[in-house]
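Beneath this line is the structure, given in structure tokens, with notes to follow.
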Amino acid sequence: MTFSIGFPDPAGSLCGSGEAQGLIELGNHQESFCASLGYWGIDRYQQQWAFAIKRLLDNEIASAALVTSMYDPGLANFIMWWPMYREQQKVYVYNQILFLDQLTSPLNEADLLAHVEDRAVWLEGEDTPSEWVLGVGDLVGP
């Protein structure tokens, strides 16, 4: 499988003013996103992604998330991110809107990963969100 996340065309035409066009690749699935640059710059997104992936690979934590649109937590209603859950040599990835008013404590930007909830398990026949499964080695990159 293939995994990548980045800004191949930060000034992409799909995004509005004050946003950078990003792309996440999960196996055969590619999805563009528009990252708000009003609160974080491109470098800060890239730092957060590297930190989250490293912690997941180092098995320091069983879950992490890749923030794809961050806003000032004091003013925002939500952020966009991709939670990831490591179970042995597999990593399960989801796309999610994190609604800040549904958190049990205020968003802690210094420890964003503390806000990743446990991976939900669905029963057969239930509506489930889209899920991508990667191998741990896929996150290492070339």
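Computed from backbone phi, the HN-Hα couplings of the range 67-75 come to 6, 10, 7, 10, 10, 4, x, x, 10 Hz, rounded to whole numbers (Karplus: 6.51 cos²θ - 1.76 cosθ + 1.60, θ = phi - 60°; Gly and Pro given as x).
Amide H contacts under 5 Å for THR68: MET80, TRP81, TRP82, restricted to partners 5 or more places along the chain or on a different chain, H placed in the peptide plane at 1.01 Å from N. For the chain, a crude dipole built from +1 on the beta carbon of Lys and Arg and -1 on the beta carbon of Asp and Glu, taken about the Cα centre, is about 340 debye to the nearest 20.
Under 1.5 on a/c is rounded, so check that first for the range 1-108, then, if it is not, pick prolate when a/b is larger than b/c and oblate when it is not; a ≥ b ≥ c are the square roots of the alpha carbon gyration tensor eigenvalues.
Numbers: a/c = 1.87, a/b = 1.15, b/c = 1.63.
Verdict is oblate for the range 1-108.
Shown in residue order for the range 109-119 are the 3J(HN,Hα) couplings computed by the Karplus curve 6.51 cos²θ - 1.76 cosθ + 1.60 at θ = phi - 60°: 5, 6, 9, 4, 5, 5, 8, 6, 6, 4, 5 Hz (x for Gly and Pro). Shape verdict for the range 15-56, please, from the Cα gyration tensor: rounded (a/c under 1.5), prolate (a/b greater than b/c) or oblate. Note, shape of the range 15-56 comes out oblate. Computed per residue of the chain from DSSP H runs no shorter than four, each worth -39500 (n - 2.57), the mean residue ellipticity at 222 nm is -3500 deg cm²/dmol. In terms of its alpha-carbon gyration tensor, the range 80-122 comes out prolate; a/c meets the 1.5 threshold, and the first ratio a/b outweighs b/c.
Here, each number is a calculation from the coordinates, and none is a lab measurement. These numbers were taken from a predicted model, which means no experiment stands behind them. FYI the Cβ positions are ideal-geometry reconstructions off the backbone, even for glycines, and counts take in every protein chain you see.
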